[in-house]
Amino acid sequence: MSGERLLEIKNLSVTFGGLNALSDLDFHVDKGEIVSVIGPNGAGKTTFFNMISGMVQPTAGNIVYRGDSLLGLDPNQVTARGIARTFQNVRLFANMTILENVMVAQHCRTKVGVFGSLFNTASFRREEEEIREYGEKVLGFFGSRLVGYRLEQTASVLSYANRRRLEIARAMATRPEIILLDEPVAGMNPKESEELTSLIGKLRSEWGFTIVMIEHDMKVVRDVSDRVVVLDHGETIAQGSYDEVSNDPGVIEAYLGRPIEGSAS
């Protein structure tokens, strides 16, 4: 990790119908980190991701990426800046092929405009070929599961685990600096979870991505995280290494609904 600050969340708050989903949240991500955001259901984790990715505007506070505010940008603009995300509920183009799903994700980086597309210019054809080649490279990261004959299959035929892999591939294809993973192993069996845990580490070590992850599987959190941030009722109640937060009395109380014996009430 370089210690270079990429993302800063400053006093972020959002209110829905008078209820605080997030309150004065301060958060940061350094280049090369893998940071996990955990907390009980309703803690505000997905709302937090929705605000970073431009899907929800905060009531107060600021989101700063590489020194520039992201407030007021729509999701496409946030992606173009260099932050991509996956979703808890997989959102693929089911009737597009696997390759088309990752090719279309790259169009936020294309240079040839409508003219080149309409008239099928040489520069347009070159760029489309580059997009195809990069898409195949990204899909190859997942081994044989999404390449070969599968490239021309529609996403709808994929197993649930492979749909989740394809969604990560689509985020990778936007050439981001930061990837937000929303419960990447949700619904997977132990073997699939173990495999994807290894891949999350390789997203950083082999591809250079900085990762922010929401996850309920504590084994995954333990195995990949440099730092863990715990939210409860929209507020940060602990952050540090996995060992530090897993033994924090406030974290145990938030998850179990009661203080541990001997801790302050």
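Assorted remarks:
- Looking across region 109-129 at every residue that is crowded, with 17+ Cβ neighbours inside 10 Å and modelled with pLDDT of 65 or more, the one that is farthest from I179 (Cα to Cα) is identified as F124.
- The residues of region 11-65 that are crowded, with 16+ Cβ neighbours inside 10 Å, in contact (Cβ under 8 Å) with a residue 60 or more places away in the chain and in a loop (DSSP other than H, G, I, E, B), listed by number, are K31, G32, E33, G39, P40, A43, G44, S53.
- When restricted to residues that are out of contact with any Asp or Glu (no Cβ under 7 Å at 6 or more places or on another chain) and not aliphatic (A, V, I, L, M), region 25-53 contains 11.
- In the set (1) more than 17 Å from M213 (Cβ to Cβ); (2) of a type outside the set (F, W, Y); (3) buried (at least 21 other Cβ atoms within 10 Å of the Cβ), the condition left unmet by R132 is number (3).
- Among the residues of region 131-182, the ones that are within 25 Å of G32 (Cα to Cα) and in a helix (DSSP H, G or I) come to 18 in all.
- Residue tally, condition modelled with pLDDT under 95 and either part of a helix (DSSP H, G or I) or not assigned by TED's automatic domain parsing to the domain that holds S246 (or both), over region 199-219: 2
- If the condition is being under 17 Å from the mean Cα position of the chain (by Cα) and charged (D, E, K, R), then region 1-50 contributes E8, D30, K31, E33, K45.
- Residue count for region 239-250, restricted to those that are surrounded by 18 or more Cβ atoms within 10 Å (Cβ to Cβ) and under 13 Å from M218 (Cα atoms): 3
- Enumeration of residues in region 222-250 that are over 21 Å from L12 (Cα atoms), at pLDDT below 95 and among the β-branched types (V, I, T): V245
- Applying the set (1) crowded, with 20+ Cβ neighbours inside 10 Å; (2) touching a residue at least 60 places away in the same chain (Cβ under 8 Å); (3) assigned to a loop (DSSP other than H, G, I, E, B) to V185 leaves exactly one unmet item: (2).
- Taken over region 25-72, the criterion of being closer than 24 Å to T197 by Cα and aromatic (F, W, Y) is satisfied by F27, F48, F49.
The values are calculated or read from the model by the stated rules, or taken from the named source; none is laboratory data. Every value quoted in this text rests on a predicted model; they were computed, and no experiment measured them. Glycine also receives a Cβ, built like all others from the backbone with ideal geometry; neighbour counts cover every protein chain displayed.
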